1. Can you compute the helix-only [θ] at 222 nm over the chain? Use -39500 (n - 2.57) per DSSP H run of at least 4 residues, normalise by all residues, nearest 500 deg cm²/dmol.
2. Of all chymotrypsin sites (Phe, Trp or Tyr not before Pro) in region 1-44, which ones are in loop regions per DSSP and have a Cβ with at most 13 other Cβ atoms within 10 Å?
3. Using the C-alpha gyration tensor of region 70-128, what are the square roots of 5 times its eigenvalues, in whole angstrom, with the largest one first?
4. Using modelled amide H (1.01 Å from N, peptide plane; none on Pro or chain starts), what sits under 5 Å from the amide H of ALA77, excluding residues fewer than 5 places away?
5. In nm, give the distance between the simple-model label positions of GLN59 and HIS101, each being 7 Å from the Cα along the Cα-to-Cβ direction.
6. How about region 1-107: which trypsin sites (Lys or Arg not before Pro) there are in a DSSP loop, with at most 15 other Cβ atoms within 10 Å of their Cβ?
7. Take the Cβ-Cβ distance between GLU83 and LEU127 as r, set R0 to 22 Å, and report the resulting FRET efficiency rounded to the nearest 0.05.
8. With every atom except the alpha carbons ignored, what do you get for Rg and Dmax of the chain, in angstroms?
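Each reported figure results from applying straightforward, stated rules to the coordinates on display, with no laboratory input. Keep in mind that what you see is a predicted model, and the values were worked out from it rather than measured. Counting neighbours? That spans all protein chains shown, and the Cβs are built from the backbone with ideal geometry, glycine included.
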Amino acid sequence: MKAITICQPYAWLITLPETDPRHKRVENRTWPTRYRGPLLIHAGKSRDWLDTWEDITPQEVAALQYGVIVAKANLTACLPLAEIRHGRYPDRLCWLSGHQHAEGPFCWVLEDVMPLEPMPCTGARGLWDYWPPAPALEAAGPLFGETQ
């Protein structure tokens with residue numbers, strides 16, 4: 001399964017429900033990907049970005065976990081921010097043009113986000129393959145496109 005490492009608190013923001021105004025359903029990268037499908041969200045070990053997000057309480061900062069898989073999502077699109085802002089995409093993606101987390105230059109659109117019990121894991125750069133132990137994978141539930 002494909003995975004991507006994301007610094008905290010951004011990995012945590014992805015796990016928030018859509019009812020929370022801080023939720024993040026777009027990941028910004030300097031490079032595009034043609035990959036579409038299931039994607040594990042890995043919270044990296046870096047703490048460099050903690051000071052960039054003001055709307056997070058000290059209790060939430062203390063609860064952040066590092067070096068773990070925190071969610072699975074479905075990567076449904078990878079779009080250049082410049083084209084999003086020029087209105088070149090369908091109505092279902094128009095929310096991206098003014099979204100607080102859409103910073104580009106490439107916006108990876110995440111749907112069907114499901115928080116997981118944190119699973120320790122060493123991350124990697126770029127889009128990487130994750131092969132969890134069978135019990136961990138089973139505990140995460142069915143993956144997109146799979147039936148039980």
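1. Numbers: 4 runs with 23 residues, N = 148.
Helix-only estimate at 222 nm: -3500 deg cm²/dmol.
2. Working: sites: TYR10, TRP12, TYR35; in loops: TYR35.
Passing both the DSSP loop test and the Cβ count: TYR35.
3. On the way: eigenvalues 136, 36, 17 Å².
In descending order the semi-axes read 26, 13, 9 Å.
4. Those lying under 5 Å, H to H, from ALA77 are VAL109.
5. 2.2 nm
6. Numbers: sites: LYS2, ARG22, LYS24, ARG25, ARG29, ARG34, ARG36, LYS45, ARG47, LYS72, ARG85, ARG88, ARG92; in loops: ARG22, LYS24, ARG25, ARG34, ARG36, LYS45, ARG47, ARG88.
Loop-located and lightly packed - ARG22, ARG34, ARG36, LYS45, ARG47, ARG88.
7. Numbers: r = 21 Å, r/R0 = 0.96.
According to the calculation, E is roughly 0.55.
8. Over the chain's Cα set, Rg and Dmax evaluate to 15.1, 46 Å.
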